[in-house]
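Read-outs throughout are calculated quantities, based only on the coordinates presented, and are distinct from any laboratory measurement. Since this is a predicted model, take the numbers as computed values, not measurements. Don't worry about glycine lacking a Cβ; one is built from the backbone with ideal geometry, like all the others, and counts go over all protein chains shown.
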Amino acid sequence: MTPRFDKLGVVIAAIVAYAALAAPFATFRANRIVPGQARSILEALPSPLGILLLAIVIAGGMVALLRTPFVLRLATGIVGLVALAILIGVAGGFLTPDGNTFARIAPASGFWLLIFAFALLLADVLTRLSLSPLARIGILAVAALAIGALLASGLWDSLSILKEYSNRADSFWAEASKHVTLALGSLAAAVVVGVPLGILCHRVERLRDGVLNVLNIIQTIPSIALFGLLIAPLGWVALHVPGAAAIGIRGIGTAPAFVALFLYSLLPVVANTVVGLAGVPRAANDAARGMGMTDRQRLLDVEFPLAFPVILTGIRIVLVQNIGLATIAALIGGGGFGVFVFQGIGQTAMDLVLLGAVPTVALAFAAAIILDAIIEMTSTKRRTDSE
Amino acid sequence: MKAWLPALLRLAILALLVVFITSPNWFEPLLKPLTENGAPAIYNQGSLLTLTLQHLRTVLVATVAATIVAVALAILVTRPAGAEFLPLSRSLVNIGQTFPPVAVLALAVPAVGFGEKPTLIALFLYGLLPIFENALTALTTLPGNVMEAARGAGMTGLQRLVKVELPLSAPVILGGIRLSVVIGLATATIGSTVAAKTLGEVIIAGLISNNLAFVLQGGLIVAALAVLIYDGLSAIERYAARRMGQEAE
């Protein structure tokens, strides 16, 4: 291998070459459940645009392949992604026969591979830049705004996933809010219960192993089983505890899903609180004691701030995990994006599956980036404060 | 707690599990109160033993594949030739972990169809991450003096890898494998939503027909398997750590 080639670039160029020349760019289906026909880039786009896109991706592949300056690679990644995002929408409009509302145009493997290749290029550049946490959140916000603008412009409206959306616009937002409520609500409950429990476990050593073992065992129960097992006790509570049914506790639906997510969330929160408190330097504690701080002051002013980044890491794990697990709530009538995923699997309508899966992945991804940035900010702040 | 008590407890769980999946009908009186309208108390649309074995086989195949690929990748990016990929592979692993298992499973269906294949893909992808992460941590935090000594003893790169780096990293890599097996055991149950033959079938049959006995037996078998396998792998890990003269955690 000659040193003039970028090693990652070889991989990216290979993916681009295969995706642009051999793989289908879009799929055309006469209706939403029949098998599709593949369309290449040149077939899917009006001819000047098709040739333009081919030129862009091939030039992008070359930029990635050779050792090129940083700024050029950054620009190539952005231009490639933007061009793909706009032109897949154009392809949707171009391939849909006039006045035909049954035909479905979906992005095909070639499109996804090209997106992957350019995202890889961009991720590589961004990783090497080692951006500050605020800059990372900024980039996320810009990307979200760009996607939002594309959605609002109606350019993607002819794509199959948005056709599924337009049939279900109301229920989509209802399920979205249920999904977020489930994930965030159970997280909040887990923090309110888990952090004090963690502090207790840190102080009372005899409790620690027992509590952590029980929480560990809960984690091993498969999620669909735990969701199912909670139906009976909650149904009983709804029947026999006055007022329980009035606040929404029921055997099926959101309540068992909420409790299950809460139980899964406890372990990372409690365990990280214990680890964080155990990692507080002895010197800091001794100094606080020497200054005459009470136990309570020591906890609030010394131990807790020092352990905070580790506790936040636990919260990040829980949030990402909950956003994913909340999809399973749909199996027991708890709502959330899982409704579309499982409906789609049932009807073998993959666009519907995507309608549920894509927002879930996007939510989890955004949550991870934001919380990672916050964790980094709190831990660097702590370091500069202590200097 | 006496030292032999946990071991005895595990043996008891194992014995109970084996008896339950081989002759589930003995337990019918126990589960009967959980059913309504005379529904069957023991899963009757397939043998629990076959489902358990298929469940374990799916997890085993996916984990073995994930281990081979993840460890190979980790070795690659920690060699001088692959060092360029190290920061990128770190961020890719981070991003990969945000993909929910259900989404991976559902997205694999259009590519490979229903059945065992999408489950294997989801388990494989999901299993990769913990193993890769642990292997990477282990290989990048080896004690510098040991590596120096190996180099000073005239070992080639390959010898250092096989005789020094991999054995020293084994306990941490095993920790990653353990994590991915436990995740895999639970994720495989979701595979039944795309028609894979796993214990999830029992749970889902229970959810659909509102039969709590099915949900309970499916869930408990998977949980018992997970606890036993988790403990077993932890023991192997401690053994490996002791052989390397490291303190077990």
Net dipole in debye of the protein assembly as shown [+1 Lys, Arg Cβ; -1 Asp, Glu Cβ; about Cα centre; nearest 20]: 800 debye
At R0 = 22 Å, FRET efficiency that the Cβ-Cβ distance of A:L52 and A:A152 yields, to 0.05: 0.35
Hz values of 3J(HN,Hα) by residue in the stretch A:297-309 - Karplus curve (6.51, -1.76, 1.60), Gly and Pro given as x: 5, 4, 4, 6, 9, 10, 5, 5, x, 6, 7, 4, x
Radius ratio Rg over Rh of chain A, counting only Cα atoms, Kirkwood formula for Rh: 1.05
Karplus-derived HN-Hα couplings along the stretch A:117-126 (A = 6.51, B = -1.76, C = 1.60, θ = phi - 60°), whole Hz, x at Gly and Pro: 4, 6, 5, 4, 4, 5, 4, 4, 4, 5
Other protein chain Cβ atoms within 10 Å, averaged over every residue that makes up A:365-371: 2
Sorted by Cβ density within 10 Å, fewest first, the residues A:E205, B:E36, A:E164, B:E237: A:E205, B:E36, B:E237, A:E164
Average beta carbon contacts from partner chains per residue of A:126-133, 10 Å cutoff: 2
Selection from A:F70, A:V142, A:P35 lying farthest towards where the dipole of chain A points positive, charges on Cβ: A:F70
Of every Cα-Cα pair in the stretch B:123-179, the percent that sits beyond 18 Å: 37 percent
Positive-pole candidate from A:V280, B:N25, A:I88, dipole of the protein assembly as shown, charges at beta carbon: A:V280
Distance in nm between pseudo-label sites at A:D301 and A:L131 (7 Å out along the Cβ direction from Cα): 3.9 nm
The stretch B:48-243: mean projected area of Cα convex hull, nm²: 12.3 nm²
Ranked packing of A:22-29, A:53-60, most packed first, by mean Cβ within 10 Å: A:22-29, A:53-60
Under Karplus coefficients 6.51, -1.76 and 1.60, residue-wise ³J(HN,Hα) of the stretch B:233-245 in Hz, glycine/proline x: 5, 4, 5, 4, 4, 4, 4, 5, 5, 5, 4, 8, x
Unit charges on C-beta of K, R, D, E only; dipole of chain B, Debye: 460 debye
For the stretch A:134-206: rounded, prolate or oblate by the Cα gyration tensor [a/c cutoff 1.5]: oblate
Mean separation of Cα contacts under 8 Å (6+ apart) over length of chain A, as relative contact order %: 16 percent
Where labels lie 7 Å past Cα in the beta-carbon direction, separation of A:M291 and A:N31 in nm: 7.4 nm
Label-point separation in nm, A:V180 to B:F114, each point 7 Å along Cα→Cβ: 3.4 nm
Nearest-0.05 FRET efficiency for B:W4 and B:E28, computed from C-beta distance (R0 41 Å): 0.80
Exposure proxy order (Cβ contacts within 10 Å, fewest to most) of B:E84, B:E165: B:E84, B:E165
Modelled FRET efficiency - R0 45 Å, A:R168 with A:T68, Cβ distances, 0.05 increments: 0.50
Extension gain from B:V64 to B:N37, taking 0.36 nm per residue of separation minus the Cα-Cα distance: 5.3 nm
Mean ellipticity per residue at 222 nm, deg cm²/dmol - from DSSP H runs of n ≥ 4 across chain A, formula -39500 (n - 2.57): -25000 deg cm²/dmol
Inter-chain shielding of A:224-237 (mean C-beta neighbours from other protein chains, 10 Å cut-off): 5
Selection from A:P359, B:G113, B:L92, by position along the positive dipole direction of the protein assembly as shown (Cβ): B:L92
